Amino acid sequence: MEYILIIISAIFVNNILLSQFMGICPFLGVSNKLSTAVGMSGAVCFVITLATLVTYLFQYYVLVPLHIEFMQTIAFILIIAALVQMVEIVLKKVSPSLYQALGIFLPLITTNCAVLGVALMVVTNEFSYGGEPHMLNLVESIVFAFATSLGFGLAMILFAGLREQIALNKVPKPFQGIPIALVTASILAMAFMGFSGLV
C-alpha cells in the first residue's frame, strides 16, 4: 500500500513539473511535437531512476561515512553528468538506432534540474504524503524516482498534445508562441491541483 501511495503522490499530487516547477526548460522547449516529448520523457525516466540509485548509494556509503555531506550538491551534479555521458557512450555502441532516436535529448538531461531535484529530495527526506515527512529506503527511493519521472513524462506528453492541437487553431497574435504555451501550462497545472486531496 505504501508503494501505491508513493506512486500516486509522485505522479499526480506532487508532479515535479506542474506542482514543484522543476524541469521547466525542456517542458517549454521540447514540447512542440508529441514525438520529441515522448523521446525526452523516456530519456528522463531512465536517467532520473538511474541517477537516484547511484546518488543514494553514494550519499549513504561515501558522503555520510566520511562526514562530508556538505559536498552533496557538487558530487551529485558530477555523478549525473558522468551517468549521462556513460549512457550516451553505451547507447552509441550497443544500440545506434536508439542513440539516433534520442539525439540531442541525452545531453539536454545533464542540465535538467528535475534529475538533480529528485536525487536531492530522496536523500534529504523531503518526500511526504498524508502531511507527514517520510524517510525513504533504497527500494522506496527507486520507486519514487521512477514514479516522479513518469509524472514528468505524463505532463510533457499531455502538454505536447495540447500544443499540437493549439497549433491547428487560430490564436490571437499577442498570444502566439510562448504566451499561449504558458496559459496552457497554467491550466494543466490547475487540472493537476484537483488531485491534491487524493493522498
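The values are calculated or read from the model by the stated rules, or taken from the named source; none is laboratory data. These numbers come from a predicted model, not from an experiment. Cβ coordinates were reconstructed from backbone atoms using ideal geometry, including for glycine residues, and neighbour counts include every protein chain displayed. For accessibility, only protein heavy atoms count, side chains too; no ligands or nucleic acids. Shrake-Rupley method; radii C 1.70, N 1.55, O 1.52, S 1.80 Å.
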Rough spin-label spacing in nm, given labels placed 7 Å along Cα→Cβ, for Val54 and Phe70: 2.6
Using the Kirkwood radius over C-alpha pairs as Rh, can you work out the diffusion coefficient of the stretch 1-117 via Stokes-Einstein at 25 °C, viscosity 0.890 mPa s, in µm² per second? 158
Find the accessible area per residue for the chain; the probe is 1.4 Å, ligands and nucleic acids are left out, and the unit is Å². 53
Relative contact order %, the stretch 86-193, counting alpha carbon pairs below 8 Å whose residues are six or more apart: 13
Which angle between 0 and 90 degrees, to the nearest 10, do you get for helix 34-58 versus the longest principal axis of the chain when only C-alpha atoms count? 10
From DSSP H assignment alone, runs of 4+ in the chain each adding -39500 (n - 2.57), the sum over residues rounded to the nearest 500 puts [θ] at 222 nm at -21500 deg cm²/dmol
What's the extension gain from Ala189 to Gln85 if we count 0.36 nm per residue and subtract their Cα-Cα distance? 34.2 nm
Once the Cα atoms of helix 138-167 and of the chain are each reduced to a long axis, what angle between those two axes, in degrees from 0 to 90 to the nearest 10, is obtained? 10
Arrange the peptides 53-66, 20-33 so that the one whose residues have, on average, the most other Cβ atoms within 10 Å appears first. 20-33, 53-66
Label-to-label distance, nm, for residues given as Thr124 and Leu168 (7 Å Cα→Cβ offset): 4.3
Could you pull out which residues in the stretch 42-69 have an amide N less than 13 Å from a spot 7 Å beyond the Cα of Ala101, following the Cα-Cβ vector? 42-43
Test of understanding: in a Gaussian network model of the chain with alpha carbons linked when under 10 Å, which of Asn169, Asn15, Asn125 would top the mean-square fluctuation ranking? Asn169
Whole-Å semi-axes of the chain's equivalent ellipsoid (Cα gyration tensor): 29, 22, 14
